Amino acid sequence: MQISLDKQVALVTGASSGLGAAAAKALAAAGAAVVVNYNSHAEPAERLVAEIREAGGKAIAVGADVSKEDDVERLFAATIDTYGALDILVANSGLQRDAATVDMTLADWNKVIEVNLTGQFLCARAALRQFQKQGPRSWLSRAAGKIIHMSSVHQLIPWAGHVNYAASKGGIDLLMRSIAQEVGEQRIRVNSIAPGAIRTAINEENTQGDAEKKLLELIPYGRVGEVDDVANAVVWLASDLSDYVHGTTLFIDGGMSLYPGFRNNG
Ligand code: NAD
């Protein structure tokens, strides 16, 4: 079955690398015009835009720090200026600042919460305002807008040494479900994706050599995830094929959240 997002407009935050870049490419390949948001490095975002255009797709790159209200307003304004509407938001930006709790600085706590949680709130709020303003675009999609939050298995699995990150992702779960409850009647669809271990820059050290072998003990399906495992799900969640999927977190983790430590009788 072919998924078409033809003439829809998708905004992907943190799209100059990793899961965001793969999602942007996959959405463009499905026909959406894509806004590739980046934080500080324009070149990889511009390279991705060129790649999408060479493949016949539509894309622009827009720099914005998702934790800053003014930047987010500017990002959405640039999207509407260029493409006239918004149909899909993938709130993907995220980072880690790891330390044992006793050593964690307030600055590192705040940074992770600001980008991973406040950033997703600001982007979701801006998307909802735009969806409400433009009204349903029923010739393109049954939903009057779709939001996909990038969470993590750590919205569920506690993570020692990463309390800021786990708290931010736990926050996304109730942020997403509360928004979904609030706007469902408007036919705006809101869901999350919770990746397990996917090979990207964020976990480079843990997905190679001996570290990879150790990591595989946590993955019943027996392999580390690739970015397209997540990008394919983004396209599906953005499409009408998932029109009755609302307020749900889709775990894409090779079974990491199945408590694999209990495989051999605990
Ligand atoms: P990544 O580091 O390649 O991507 C993160 C992106 O967020 C980068 O492009 C970065 O520039 C951007 N970003 C950081 N701060 C920003 C800011 N203030 N404003 C705008 N953009 C900002 O890593 P990734 O693995 O692709 O991560 C993408 C998302 O997936 C994150 O939310 C991460 O928590 C989540 N995730 C990843 C994994 C994994 O295994 N890779 C697992 C679970 C969840």
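The values are calculated or read from the model by the stated rules, or taken from the named source; none is laboratory data. In this text the structure is predicted, and so the values were computed from the model without any measurement. FYI the Cβ positions are ideal-geometry reconstructions off the backbone, even for glycines, and counts take in every protein chain you see.
Can you confirm whether ILE60 is over 19 Å from LEU11 (Cβ atoms) and either out of contact with any Pro (no Cβ under 6 Å at 6 or more places or on another chain) or modelled with pLDDT of 95 or more (or both)?
In short, no.
Only one of these is within 13 Å of the ligand (Cβ to nearest atom) and touching a strand residue (DSSP E or B) at 6+ places or on another chain (Cβ under 9 Å): ALA59, ALA32, ALA23. Name it.
ALA23
Residues that are free of Cβ contacts under 8 Å to residues at least 60 places away in the same chain and not polar (S, T, N, Q): which strands (runs of 3 or more DSSP E) entirely in segment 1-82 hold 3 or more of them?
Filter on segment 1-82 gives 33-38, 58-63.
Please specify each residue of segment 143-168 satisfying the condition of being over 23 Å from VAL230 (Cα atoms) and surrounded by fewer than 17 Cβ atoms within 10 Å (Cβ to Cβ).
Within segment 143-168, ALA160, GLY161 qualify.
Quick one: is LEU95 outside any helix (DSSP H, G or I) and in contact with a Cys (Cβ under 7 Å, 6 or more places away or on another chain)?
No; evaluated as a whole, the condition is false for this residue.
Any chance you could count how many residues in segment 7-50 are in contact with a Leu (Cβ under 8 Å, 6 or more places away or on another chain) and either of a type outside the set (Ser, Thr, Tyr) or surrounded by fewer than 24 Cβ atoms within 10 Å (Cβ to Cβ) (or both)?
Total meeting the criteria: 18.
Yes/no per residue for (1) modelled with pLDDT under 95; (2) over 18 Å from the mean Cα position of the chain (by Cα):
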site: GLY184; (1), (2): no, yes
site: ARG187; (1), (2): no, yes
site: ASN191; (1), (2): no, no
site: ALA231; (1), (2): no, no
site: VAL234; (1), (2): no, no
site: ALA238; (1), (2): no, no
site: ARG263; (1), (2): yes, yes
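When you check VAL112 against the structure, is it touching a residue at least 40 places away in the same chain (Cβ under 8 Å), closer than 14 Å to ASN39 by Cα and in a helix (DSSP H, G or I), yes or no?
No, not satisfied.
Before we move on, is SER93 touching a helix residue (DSSP H, G or I) at 6+ places or on another chain (Cβ under 7 Å), of a type in the set (Gly, Ala, Ser) and away from the ligand (no atom under 13 Å from the Cβ)?
The answer is no for SER93.
I'd like to verify a number: residues in segment 211-239 that are in a helix (DSSP H, G or I) and under 27 Å from LEU174 (Cα atoms), how many?
12
For ILE80, are the conditions met, namely being more than 16 Å from the chain's Cα centre (by Cα), within 28 Å of GLY184 (Cβ to Cβ) and either small (Gly, Ala, Ser) or surrounded by 14 or more Cβ atoms within 10 Å (Cβ to Cβ) (or both)?
When the stated conditions are applied, ILE80 passes them.
Write out, first by first residue and then by second, each pair whose Cβ atoms fall under 9 Å of each other, whose residues are 6+ apart or on separate chains, and whose first residue, in segment 187-216, is in contact (Cβ under 8 Å) with a residue 60 or more places away in the chain while the second is of a type in the set (Phe, Trp, Tyr) and in a helix (DSSP H, G or I).
ILE188/PHE131
Please name all residue pairs, on different chains or six or more residues apart, with Cβ atoms under 8 Å, provided the first residue is in segment 228-246 and is of a type in the set (Ser, Thr, Tyr) and the second residue is surrounded by fewer than 20 Cβ atoms within 10 Å (Cβ to Cβ).
Pairs that qualify, where the first residue is of a type in the set (Ser, Thr, Tyr) and the partner is surrounded by fewer than 20 Cβ atoms within 10 Å (Cβ to Cβ), are SER239/ILE3; SER239/SER4; SER242/TRP236.
Pick from segment 182-210 the residues that are in a helix (DSSP H, G or I) and surrounded by 13 or more Cβ atoms within 10 Å (Cβ to Cβ): which of them is farthest from the ligand (Cβ to nearest atom)?
Out of the qualifying residues, it is GLN186.
Does any residue of segment 101-109 turn out to be within 16 Å of the ligand (Cβ to nearest atom), farther than 24 Å from VAL235 by Cα, touching a residue at least 12 places away in the same chain (Cβ under 8 Å) and not in a helix (DSSP H, G or I)?
No - not one qualifying residue is present in segment 101-109.
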